[in-house]
Amino acid sequence: MGLSKTIWTNPSEFLRIERPVDPVMFFAPAVLQDTARRFLDGFPGLVTYAVKSNPDEMVIQNLVAAGIEGFDVASPAEIEMIARLAPTAAMHYNNPVRARHEIEYAVAMGVKSYSVDSRSELAKLVDLVPAEGTEISVRFKLPVSGAAYNFGAKFGATVELAAELLRAVDAAGFIPSLTFHPGTQCTDPMAWDAYIRAAAEICRLAGVKARRLNTGGGFPAHRVEGELPALEAIFALIARVADEAFEGTPPALVCEPGRGMVAEAFTLAAQVKAVRDDAHVFLNDGTYGALDELPITGMITRIAVVEPEGRRRTAEAAPRIVFGPTCDSVDRLPGEVMLPGDIAEGDYVVLSGMGAYSTATNTRFNGFGALTIATVMRLDA
Ligand SMILES: *Cc1c(COP(=O)(O)O)cnc(C)c1O
């Protein structure tokens, strides 16, 4: 990041003037701060941000400016960055499997909240972390899914094991709490319903009252044209079900959105390198770049195509196979993508809602991936 930084009006102004030949991510701090305020105003508890979804320092700084006071961190590098950029914020080390040296680093950095989903990793924490004033949240999972993909495949104790762990956390003198993640891009609010009721059941089984309940990330982003995520409805459901399930005295609630917080603040522009024999479209970005997660989470359909001069193409859309720039045949966007029929070499394909799991997972495979970030006032047009 240079000292004198240009702020552009919107993506098309940048594209028209700069004619970038590498992919560009447009970041609108105002959009990020609006989303942060939507969570802070609407969520019935503490709002933290899952750093992994987009660890750009400008993102962290803008979230702090908007009033975010907690961060979900997963590694020493994330802890180091948050301690530096948000020294008064809470750090929740919610990666339930850690090397001993990582735990020692977290303790030295003052981390006071950890998650756990197994006996072996709890034993490590009990060994290395002073219990006084420190929270351990037991991460549990259910066989339900309303999400784009299931997070329970890697982390989370069963309800029975979670009850055992919650008891052990309490007995070891830590603050006992519970946490879950319903799966990313979770468009079915009933997933939270099931998880919150299971949390109450775990407390009953354990005979331990959880101090806090972290309802995870998973809040959906706007990916499909015309399907707006219903964040406020999910917030209201979480508040109501927590109250019901814990009979009027729910634990303090926490959430840790990644995608739902940051996706809308970034728009990607990838240039059309070629339309091969009038058929397949080749972009300068693909699944080894900022479009890395599309094969797993599905296509974003909020697409505009603009000519190099900045005019938006409006011809009737037709399905195309779209490839990324590398020589790997899996470097292809899922399915067929609806694009204006007159799309041409040199055009920019502009995708909205691209802030999560994009810059963070971009690679330099095959020499591509020279992704730049440009700051804009607005993301429209
Ligand atoms: C990845 C992750 C999140 C964020 O998930 P989103 O689906 O991006 O909201 C939150 N909590 C934990 C523990 C995670 O691993």
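The local environment of G133, defined by Cβ-Cβ distances under 13 Å, has a net charge of 0 under the rule Lys, Arg +1 and Asp, Glu -1.
Taking packing as the residue-averaged number of other Cβ atoms within 10 angstrom, the listed peptides 222-231, 106-115 run from highest to lowest as 106-115, 222-231.
Between the helical axis of 76-85 and the longest alpha-carbon principal axis of the chain there is an angle of about 80 degrees. Other residues within the sphere of radius under 11 Å centred on the Cβ of F155, judged by their own Cβ, net out at +1 (K and R +1, D and E -1).
Counting only alpha carbon atoms, the long axis of helix 231-245 and the longest principal axis of the chain meet at about 10°.
Using the average count of surrounding beta-carbon atoms within 10 Å as a protection proxy, the listed peptides 35-44, 125-134 rank, highest first, as 35-44, 125-134.
Is the C-alpha gyration tensor of the range 36-171 telling us rounded, prolate or oblate? Criteria: a/c under 1.5 is rounded; beyond that, a/b larger than b/c is prolate, otherwise oblate. Verdict is oblate for the range 36-171. For K141, the lysines whose Cα comes closer than 22 Å to its Cα, not counting residues fewer than 8 places off in the same chain, are K52, K124, K154, K209. Listed by chain and number, the aspartates and glutamates whose C-alpha is less than 12 Å from the C-alpha of K273, apart from same-chain residues fewer than 8 away, are D22, D285, E345, D347. All other residues whose Cβ lies under 12 angstrom from that of C186 are scored, Lys and Arg at +1 and Asp and Glu at -1, for a net of -1.
Couplings 3J(HN,Hα) of the range 314-330, computed from phi: 10, 4, 4, 6, 9, x, 9, 7, 10, 10, x, x, 7, 8, 8, 6, 6 Hz, in residue order, whole Hz [Karplus 6.51 cos²θ - 1.76 cosθ + 1.60, θ = phi - 60°; x for Gly and Pro]. For the range 29-262, the alpha carbon positions stretch 48, 39, 31 Å along the principal axes, listed from largest to smallest. Each peptide among 295-302, 184-191 gets the average number of other Cβ atoms lying within 10 Å of its residues, and from highest to lowest they stand as 184-191, 295-302.
A short reminder: the numbers here are calculations on the coordinates, not readings from a lab. All values derive from a computational prediction rather than experimental measurement. Note that we place each Cβ from the backbone using ideal geometry, even for glycine, and neighbour counts take in every protein chain shown.
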